[in-house]
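The values are calculated or read from the model by the stated rules, or taken from the named source; none is laboratory data. None of the values given here were measured: they were computed from a predicted structure. Every residue, glycine as well, gets a Cβ built from its backbone with ideal geometry; the counts of neighbours run over all protein chains shown. Keep in mind that these areas ignore ligands, DNA and RNA; they rest on the heavy atoms of the full protein, side chains included. Shrake-Rupley method; radii C 1.70, N 1.55, O 1.52, S 1.80 Å.
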Amino acid sequence: MTPPAARSGTGAPAELFFEDLVPGLTVDLGVVTVDGDEMVAFARRFDPQWYHVDPELAGASRHGGLIASGFYTVSLFMRAYVDHLLSRAAADASPGLEELRWLAPVRAGDRLAVRVDVMGARPSTARPGLGTASLTGTMLRLGPDDRPEQEVLRTRFRGWFALRPAEPPPAPDMSDRDPSGAEPPR
């Protein structure tokens, strides 16, 4: 019986496995631009604090205008992580995160460079066939020259990834067999 093909986090056939996530690896997750309408709609639905939804109050405050909900910002990180890594990796689930920090305000129109760094990796003792990768995700605000200006988000978390499937053993060499299936004389 052939085992089922390993699936990525989005259900496509996986091309990256636990063994590919070596400590020191950095994966570029692209650049996201903060859409102001989406930012405010998210805040209205999930985090309706005045500095996220009221332009007048936010503009007259120390914030100088609307700032994104931190949960919206981490959602942008998650989308980039899914699009650029989990969509290719034999990802299982995540046993959790250790750190989530919002380091600077995010605003409509900001361009954020997103990346994930593999900090550690070990086979899982609790889940055979999986390995645990320790990851750090960051988002950096880019300036007009596309150079990073400021780190706005940092998260440390773990992910479970399937081990690369073992290669099936080679088929026996049948070239010296008689077509009738009889053994050749010895």
Of all residues in segment 53-81, which are open to solvent by 50 Å² or more (accessible area, probe 1.4 Å) and either at positive phi or among the aliphatic types (A, V, I, L, M) (or both)? Leu57, Ala60, Gly64, Met78
Please determine, by comparing only the residues of segment 21-44 that are in a loop (DSSP other than H, G, I, E, B) and aliphatic (A, V, I, L, M), which one is farthest from Ala133 (Cα to Cα). Val34
Under the condition of being among the charged types (D, E, K, R) and either open to solvent by 30 Å² or more (accessible area, probe 1.4 Å) or under 20 Å from the mean Cα position of the chain (by Cα) (or both), which residue from segment 85-112 is nearest to Asp146 (Cα to Cα)? Arg111
Any residue in segment 25-43 that is farther than 18 Å from His84 by Cβ and among the β-branched types (Val, Ile, Thr) sitting within a Cβ distance under 7 Å of a residue that is modelled with pLDDT of 95 or more and not in a helix (DSSP H, G or I)? List the pairs, counting only those 6 or more apart or interchain. Val40/Leu66
Taking Trp50 as meeting all but one of (1) without any contact (Cβ under 8 Å) to a residue 40 or more places away in the chain; (2) aromatic (Phe, Trp, Tyr); (3) surrounded by fewer than 19 Cβ atoms within 10 Å (Cβ to Cβ); (4) under 26 Å from Asp117 (Cβ atoms), write down the number of the exception. (4)
